[in-house]
Structures are given as structure tokens and as C-alpha cells.
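Below is one structure, written out as C-alpha cells, with a few remarks after it.
What follows draws every value from the coordinates through simple rules; no lab data is involved. For clarity, every value in this text was computed on a predicted model and none was experimentally measured. Cβ sites come from the backbone with ideal geometry, for glycine too, and all protein chains shown count toward neighbours.
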Amino acid sequence: MESEFIQESKLLIFRITEEIDECSVQKIRRKADYEIERYMPKKVIFDFNRVTFMDSAGIGLVIGRYKIVNMIGGKVEMANLNKSVEKIFEMCGVLKLIPITKLEEAV
Amino acid sequence: MFDNEMKLEFLSKSNNEAFARITVAAFASQLDPTIEELADIKTAVSEAVTNAIIHGYEDKTGVVKIVCKIKENELEIQISDNGKGIENVEMAKQPLYTTRPNLERSGMGFTIMESFMDSIEIESILGIGTKITMRKTIKKMEENLEEDDFANSLRG
Ligand SMILES: Nc1ncnc2c1ncn2[C@@H]1O[C@H](COP(=O)(O)OP(=O)(O)OP(=O)(O)O)[C@@H](O)[C@H]1O
Ligand SMILES: [Mg+2]
């Protein structure tokens, strides 16, 4: 996962580059929590553009971060979901909590 | 009986998850599934394998077994463990039910398996283990094409 913080808007972007499962999620979670604590962002966007696989570990990941960011008064959004990732979030009601937003993939 | 069959056994380590789902997907690909069907199969396998590793064996290491069978255009996947078993299967199947909320589990695994596959059976005995059997019929290429033609003709 790569992260980018935009100071002016206090926006923290997490670009997930790996497949999300039980095996990979622990490392992603640790890094995300570290960066959230470090920057105290107003908004966090998870960019799924390069995620080729995700199972229910992804639900726990975004809901867990949502709770933390919510506590510090920030918002969480998701971008660039492929069909199967969107299907999983939709099915579990995650989209009602964490909306989809537009985000261009930076080069 | 079956047209094709494969068996896979591996240790209950989470870094075997990708290997397990990719192997099943490779075996399933002889049925010519669409990319979406293949993604659904991989996700369902990942759910069952993760459950065997984190709930079945918890901190212990055991063997996870997968048997895949193909008959005509139906794929059957059995995923089993000799772990601790499920106390109440009906409860476990409920969306959002999880015994490990502290691990950031969402309790959606069985719901995902149910909706991504055509059917799922759960057999479990406390202290003995758990076996999940999932089935999915892969539509033949021509049927997919026919459906596309039909959809296209509706669009005009
Ligand atoms: N192989 C297994 N052995 C023992 N218990 C299991 C097994 N599979 C599932 N369970 C039990 O069933 C419950 C529900 O499983 P399910 O996969 O739906 O949710 P989860 O694994 O808790 O969360 P998620 O899959 O969303 O990360 C689990 O919390 C666990 O108690
Ligand atoms: Mg699960």
C-alpha cells in the first residue's frame, strides 16, 4: 500500500496495491493506522484501483479504519472499486456507511 | 462418476490462501467461466479457507484439505479442516455473526459464500472439524453468448 497526504485539504489517500485477504490485511492495517495517527486527516480515501482480489478481510479493514477516523472527526471514502470489490461492499451494507467517490490515479 | 477431480492439502498458514484460491481457479478454468464467475469462486474459496485457518485451527497449525470435482458443467468444492468445529451452524450462517470481532472480522464470510456460489452445505462436529461443500454451475460459452445476443437485441 502506498499513501499520500495532501496538507492543504488534510486528505490522506491509501492506494492499496496488494490482494486483500487475511494474510495481507494485517500489514495494511498497521500502516494505515500509523499514518492516520501521524497526520490526523480530515478525510481518508481508500483507492482500490490496483486491487485485483478482495475477500471479507477488506470489509473489516475499511470498517475498522472508519471507526478510528470517525473518532477524530474525519470522513472515509472509497474510489476505483472494480465490479467484484463493489459487489462485496454493497452486499454487506458498507456503501451506506462509506460512500464511493471519484479519484484519478496519480502517476 | 465425475469427469475430473483434484485434491489439495496444505498447512493452515494464511500465506497459503492465495495459493489455494488460485489453484482452484486454475482447475475451474476448464469449464470456461467468465472473469466474474472466476472472481466469485476465488472469493468463496478464500472465505472458507480463511475460516478453517483462523476459526478452525486458531493458533494451532493443522491441515486444510480441498477436493474439487467437475461433472458436466458443475463445479463442486469441498473445503475441510480437523479443527474445533462450529457450535451452532444456523447462527454462524447469519450475516454479521462472528465469534472473533476483536480480529476485525465482519461475520460476512458465509453470506458471501452463499451469494457467490449456487449452494453451500456446512457439516460440522465440535472437536472434530468442519466441511464446507459449495457448488456452482458454469454456463456454457454458447449460453453466455446467446444471453449477450439477447441482451444486445433488446438494446437494439
Ligand atoms: N472452519 C470453521 N471452524 C470453526 N468455526 C468456524 C469455521 N468457519 C466458521 N466458523 C464460525 O462461524 C462464524 C461465522 O463465519 P463467517 O465466515 O461468516 O464470519 P467471520 O469469519 O467471523 O468473519 P468474516 O468472514 O466476515 O471475516 C465464525 O465467526 C466462527 O465462529
Ligand atoms: Mg470468515
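Once both axes come from the Cα atoms, what is the angle between helix B:35-51 and the longest principal axis of chain B, in degrees from 0 to 90, rounded to 10? Roughly 10 degrees, rounded to the nearest 10. Think of chain B as having a plus end and a minus end, set by charges on the Cβ of Lys, Arg, Asp and Glu; of B:Phe19, B:Met113, B:Phe150, B:Phe19 sits farthest toward the positive end of this dipole.
Placing unit charges on each Cβ (+1 for Lys and Arg, -1 for Asp and Glu) gives segment A:2-106 a dipole about its Cα centre, and among A:Val76, A:Val51, A:Thr101 the Cα reaching farthest toward its positive end belongs to A:Val76. Using the rule -39500 (n - 2.57) for each DSSP H run of four or more residues, divided by the residues of chain A, the 222 nm mean residue ellipticity is -13000 deg cm²/dmol.
So what's the back-of-envelope 222 nm ellipticity for chain B, counting only DSSP H runs of four-plus at -39500 (n - 2.57) apiece and dividing by all residues, rounded to 500? Can you show the working numbers first?
On the way: 5 runs with 57 residues, N = 156.
For chain B, the value works out to -11000 deg cm²/dmol.
Counting DSSP beta bridges in the protein assembly as shown, what percent are antiparallel, to the nearest 5? Before the final figure, lay out each step's value.
Numbers: 36 of 49 bridges.
Approximately 75 percent, going by the DSSP bridge assignments.
Annotation: for a label point projected 7 angstrom from Cα along Cα→Cβ of B:Phe2, residues of segment B:27-52 with backbone N closer than 15 Å are B:27-31.
Could you list B:Glu114, B:Glu58 in order of exposure, starting from the residue whose Cβ has the fewest other Cβ atoms within 10 Å? Let's see the in-between values first.
Details: B:Glu114 16, B:Glu58 12.
In increasing order of surrounding Cβ atoms, one gets B:Glu58, B:Glu114.
Let me confirm one metric for peptide B:101-111, namely the mean number of other chain beta-carbon atoms within 10 Å of its residues' beta-carbons.
Numbers: counts 1, 0, 5, 12, 5, 11, 4, 9, 4, 1, 4.
Average per residue, whole number: 5.
Look at the Cα gyration tensor of chain A: its axes a ≥ b ≥ c give a/c under 1.5, and that counts as rounded. Rounded to the nearest 20, the Cβ-based charge dipole of the protein assembly as shown about its Cα centre (Lys and Arg +1, Asp and Glu -1) stands at 1180 debye. Enclosing the Cα atoms of segment B:1-61 in their convex hull gives a volume equal to 88 cubic angstrom per residue. Separation of segment B:79-135 from segment A:1-60 is 28 Å, based on Cα centroids. Normalised by the number of residues in chain A, the average gap of Cα pairs under 8 Å and 6 or more apart makes the relative contact order 26 percent.
Put simply, the convex hull of the Cα atoms in chain B casts, on average, a shadow of 10.5 nm². Taking 22 Å as R0, compute the FRET efficiency from the Cβ-Cβ separation of B:Asp32 and B:Arg135 and round it to 0.05. Calculated value: 0.80.
If packing is taken as the average count of other Cβ atoms within 10 Å, what order do B:42-51, B:61-70 fall into, highest mean first?
B:42-51, B:61-70
Couplings for segment B:13-26, taken from phi via the Karplus curve 6.51 cos²θ - 1.76 cosθ + 1.60 with θ = phi - 60°, read 10, 5, 6, 8, 4, 5, 4, 5, 6, 5, 5, 5, 4, 5 Hz in order; Gly and Pro are left as x.
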